[in-house]
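In what follows, a structure is listed as structure tokens, so that the remarks can point back to it.
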Amino acid sequence: MKIQDTKMGLVEFEPIKEGEIGMYVCGPTVYDLGHLGHGRSAVSFDLMRRYFIYKGYKVKFVSNYTDIDDKMINRAKEKGISVEQLANEIIPEYIKDYTALGIMVSDISPKATDSVKEMIDIISTLEKKGHTYVLDDGVYFDVKTFKEYGEFSGQKLEDLKVGARVDVKEDKRNPYDFVLWKFKKDGEPFWSSPWGDGRPGWHIECSAMSFLHLGEKFDIHGGGLDLVFPHHECEVAQSLCAFGSDAFAKYWMHNGFINIDNEKMSKSLGNFFTLRNVFEKYDPKIVRFMFLQTHYRNPINFSFDLLEQAKAGLERIRDCVRNLKFEIENSSDGGDDTGVDEKLSGLKSDFENVMDNDFDTSGALGAVFDLVTFVNTLIQSKKLTKKSANDVTSLFTDFDKVLNVIFEEEKDIDDEVKALIKQREDSRKAKNFAMSDKIRDKLKAKGIELEDTSSGTVWKRV
Ligand SMILES: [Zn+2]
């Protein structure tokens, strides 16, 4: 299969060790709730991981939480809690959102602060090899000692512009030198190190965590496109200098941006959506489906219209699956199987061919919709046999191992909704109407509306 490597372009994917893949994906800084951009990145790499598993690879998936940096420190101060407490509050919220988006739990989700020892070890190695120097506020990486600096992001050192996330400091030898270790400031968390008390810089975190959990060399390093420079450029520089020129990630993959109504999403423009904002109105699986409709590298121009289209598209697929279930349960054994096997194996190859081409999910959904059309025609012409209905359902199930949007966990939803309805009835009997209203609202947030009829409460999806 082919994948798009950020530096090399479209290449044939060959794992370092046959049948096994190590993936490291840069995770969020856990100072606030996740936004649409976090959701898209997490879904993109989840999709890749699921497809590799579908193809029979054994995947070790590592994605970190950055739990120490300026944003963490400032937010903790504002809230009057420790940085550690802030991380402990926010990480479970990410897990909740990611689970709702159908993202598989990472094999390992390290926190940066758990790998400070490894960071110090790497900085010590860099120091021994002459790549660092010390200023009054920290230990810096000297980019001039790595002549390839800039190549990863396709820039020449002299053309680089100081921009976002490149610290300006006059006594640095070069404006692009970046901090590996920041000396302690009052009121900040700190660890001891050979250079004095302090905390790690941002870039060194991911080199240390990927090294700790995947070794010096691993298959795929991923993240959002905004991380190419300086974050990943710096990771490459320090890792290659520390571990050797053949070390670190074999492939680099980056997911595209999310714009809102053609503008960059940002808090200052007021067009900023947390995942939670969107989940209030839309089932998280609709949001996942919306992400999958666009190839992971292309930008998504988000709007609520786009979500409405995704909702309609997903509903069309789910309707088809429900009809199949009905046919399996109720139809008699008539019908005509002619040509069905060929059609299904053709669609399965279509799906795999487009996914083999750098995870083209919009093409993969094309194969899914072709299947929907085919099934609907069979049902309308009364040709669908029970065998075909079962075969089609298992093909949908195979597709959904990768896409994870089609099959709702009906049983879980049923059980949870039933439990909540029962709770609501009990509170009404106890005349606790505030509680009963609260439960109704809670269900509404899940897209479920209650109707009280003479024979009891019924629910429907809205
Ligand atoms: Zn990172």
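We did not get these values from a lab; they are worked out from the coordinates using the rules stated. Quantities reported herein were computed from a predicted structural model and do not represent experimental measurements. Every residue, glycine as well, gets a Cβ built from its backbone with ideal geometry; the counts of neighbours run over all protein chains shown.
What FRET efficiency comes out for Ser82 versus Asn262 if R0 is 51 angstrom and r is the Cβ-Cβ distance? Round to the nearest 0.05. Each step should come with its number before you reach the end.
Details: r = 41 Å, r/R0 = 0.80.
The formula returns an efficiency of 0.80 here.
With N set to the number of residues, divide the alpha-carbon radius of gyration of the chain by 2.2 N^0.38 Å and report two decimals.
Its radius of gyration relative to the 2.2 N^0.38 Å reference: 1.13.
HN-Hα J couplings of segment 297-313 from phi, Karplus 6.51/-1.76/1.60, θ = phi - 60°, integer Hz, Gly and Pro as x?
Karplus values, whole Hz, x for Gly and Pro: 8, 7, x, 10, 9, 6, 7, 6, 4, 4, 5, 4, 4, 4, 4, 5, x.
Read phi for every residue in segment 133-149 and hand back ³J(HN,Hα) as whole Hz from Karplus 6.51 cos²θ - 1.76 cosθ + 1.60, θ = phi - 60°, with x for Gly and Pro.
8, 10, 10, 5, 10, x, 9, 10, 8, 8, 5, 5, 7, 10, 5, 7, 4
Using only the alpha-carbon atoms, how far is helix 433-445 inclined from the longest principal axis of the chain? Give it as 0 to 90 degrees, nearest 10.
80
Would you kindly state how much longer the chain becomes between Lys444 and Met1 on full extension, computed as 0.36 nm times their sequence separation minus their alpha carbon distance, in nm to one decimal? Mind dumping the intermediate values first?
Values: separation 443, 0.36 × 443 = 159.48 nm, distance 4.33 nm.
Full extension of this stretch gives 155.2 nm more.
At a threshold of 8 angstrom on Cα-Cα distance, excluding pairs fewer than six apart, so keeping six or more, what relative contact order does the chain reach in percent? Walk me through the numbers before you get to the answer.
Details: 652 pairs, mean separation 74.0, N = 462.
Computed value for the chain: 16 percent relative contact order.
What angle, in degrees between 0 and 90 and rounded to the nearest 10, separates the Cα long axis of helix 116-128 from the longest principal axis of the Cα atoms of the chain?
40
Rank by packing, highest mean first: peptides 237-246, 437-446, 23-32, 7-16, with packing defined as the count of other Cβ atoms within 10 Å averaged across residues.
Details: 237-246: 18.9, 437-446: 14.4, 23-32: 24.1, 7-16: 12.3.
Listed from highest to lowest mean packing, they are 23-32, 237-246, 437-446, 7-16.
Tell me the label-point distance for the pair Lys144, Asn174, using the 7 Å Cα-to-Cβ offset, in nm and rounded to one decimal.
Distance between the two pseudo-spin positions: 0.8 nm.
For the residue pair Ile53 and Ser362, what label-to-label distance in nm results when each label sits 7 Å from Cα along the Cα-to-beta-carbon direction?
In this crude spin-label approximation the distance works out to 2.7 nm.
Any chance you could give the angle, 0 to 90 degrees and rounded to 10, that helix 386-403 forms with the longest Cα principal axis of the chain?
Taking the Cα atoms of the chain, the angle to 386-403 is about 20 degrees.
Enumerate the amide H contacts of Asp5 below 5 Å, restricted to partners 5 or more residues apart or on another chain; note that Pro and chain-start residues carry no placed amide H.
Residues meeting the amide H criterion: Leu10, Val11.
Measuring from label point to label point, each 7 Å out along Cα→Cβ, what is the Glu89 to Lys325 span in nm?
4.0
Scan around Leu135 for amide H atoms under 5 Å from its own, H built in the peptide plane at 1.01 Å from N, and keep only partners 5 or more places away or cross-chain.
HN-HN under 5 Å from Leu135: Tyr140.
Suppose R0 equals 60 Å; then what is the FRET efficiency for Glu280 and Lys129 from their Cβ-Cβ distance, rounded to the nearest 0.05?
Working: r = 52 Å, r/R0 = 0.86.
Efficiency computed from Cβ-Cβ geometry: 0.70.
Which residues' amide hydrogens lie under 5 Å from the amide hydrogen of Thr385, considering only partners 5 or more residues apart or on another chain, with H built in the peptide plane?
Counting only residues 5 or more places away or on other chains, the set is Asp336.
Quick check on the chain: helices-only [θ] at 222 nm, where DSSP H runs of length 4 and up contribute -39,500 (n - 2.57) each and the sum goes over total residues. Nearest 500, please.
-15000 deg cm²/dmol
Using 1/(1 + (r/R0)^6) with R0 = 45 angstrom and r between the beta carbons of Asn432 and Glu308, what's the FRET efficiency to the nearest 0.05? Let's see the in-between values first.
Details: r = 37 Å, r/R0 = 0.82.
With a Förster radius of 45 Å, E is 0.75.
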